[in-house]
1. Could you list all residues from the stretch 21-69 that are of a type in the set (Ser, Thr, Tyr) and in contact with a helix residue (DSSP H, G or I) (Cβ under 9 Å, 6 or more places away or on another chain)?
2. The conditions are (1) closer than 17 Å to Lys73 by Cα; (2) of a type outside the set (Phe, Trp, Tyr); (3) modelled with pLDDT of 95 or more, and Pro139 fails exactly one of them. Which is it?
3. Kindly indicate the residue of the stretch 8-47 that is surrounded by 12 or more Cβ atoms within 10 Å (Cβ to Cβ) and of a type in the set (Asp, Glu) and also nearest to Met86 (Cα to Cα) among those meeting that condition.
4. I'd like to know if the stretch 92-108 contains one or more residues that are of a type in the set (Asp, Glu), out of contact with any Phe, Trp or Tyr (no Cβ under 6 Å at 6 or more places or on another chain) and surrounded by 12 or more Cβ atoms within 10 Å (Cβ to Cβ).
5. For the stretch 55-94, how many residues are out of contact with any Leu (no Cβ under 7 Å at 6 or more places or on another chain) and assigned to a strand (DSSP E or B)?
6. Residues that are assigned to a loop (DSSP other than H, G, I, E, B) and at pLDDT 95 or above: does the stretch 7-19 have at least one?
7. Within the stretch 96-112, can one find any residue that is at pLDDT 95 or above, charged (D, E, K, R) and within 29 Å of Asp15 (Cβ to Cβ)?
8. Among the residues of the stretch 37-85, write down those that are modelled with pLDDT of 95 or more and polar (S, T, N, Q).
Amino acid sequence: MSSPVSSSQAGIEEDLTFRPRFDASGLVTCVATDATTGDVLMIAHMNEEALRRTVETGDAWYYSRSRKALWRKGESSGQVQRVVEMRTDCDQDAIWIKVEQRGAACHTGRRSCFYRAVTKGEGGEARVTFIDADRLFDPADVYKKS
């Protein structure tokens, strides 16, 4: 069972009650990593319903800020995320899910949303280069507008 609820910082950090802290928009940030390799696949947001459905179904559900809509990962692309483990951070304002990723995690068709490396150029400026950027599918074929 859960420990008693405490308002102290130590209570929040040690309490066993799952009380996610949603931001002012009603969202919590979620980091999805590959359960086998540990690679970061994507970062998205969950509202209360997306988090509840993720726990209930074992599939990753998110909330799209741009579309203002709930979505199950893979519902239109087939690139499904099956949750293997879910964790919350010390103050419960972030979620980490380890997933079995079927296909690509990124809507660009890549395995991970993190397909560009930031490096220091010759003049000391930051520059971006592609890394692990091969596409697993063509987004134009998968996300055809009806």
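The values are calculated or read from the model by the stated rules, or taken from the named source; none is laboratory data. Because the structure is predicted, anything quoted here is derived from the model rather than measured. Counting neighbours? That spans all protein chains shown, and the Cβs are built from the backbone with ideal geometry, glycine included.
1. Scanning the stretch 21-69 gives Tyr62, Tyr63.
2. (3)
3. Taking the candidates together, the pick is Asp34.
4. At the first step, the residues of the stretch 92-108 found to be of a type in the set (Asp, Glu) are 93, 100.
From the residues that got through so far, the ones that are out of contact with any Phe, Trp or Tyr (no Cβ under 6 Å at 6 or more places or on another chain) too are 93, 100.
So of that shortlist, the ones also surrounded by 12 or more Cβ atoms within 10 Å (Cβ to Cβ) come out as 93, 100.
Yes, because at least one residue in the stretch 92-108 is of a type in the set (Asp, Glu), out of contact with any Phe, Trp or Tyr (no Cβ under 6 Å at 6 or more places or on another chain) and surrounded by 12 or more Cβ atoms within 10 Å (Cβ to Cβ).
5. Summing the residues that are out of contact with any Leu (no Cβ under 7 Å at 6 or more places or on another chain) and assigned to a strand (DSSP E or B) in the stretch 55-94 gives 16.
6. First, pick out the residues of the stretch 7-19 that are assigned to a loop (DSSP other than H, G, I, E, B): 7-8, 15-19.
Next cut, at pLDDT 95 or above only: none.
For the stretch 7-19, residues assigned to a loop (DSSP other than H, G, I, E, B) and at pLDDT 95 or above: absent.
7. Checked against the condition, which is being at pLDDT 95 or above, charged (D, E, K, R) and within 29 Å of Asp15 (Cβ to Cβ), the stretch 96-112 yields at least one hit.
8. Thr37, Asn47, Thr54, Thr57, Ser64, Gln81
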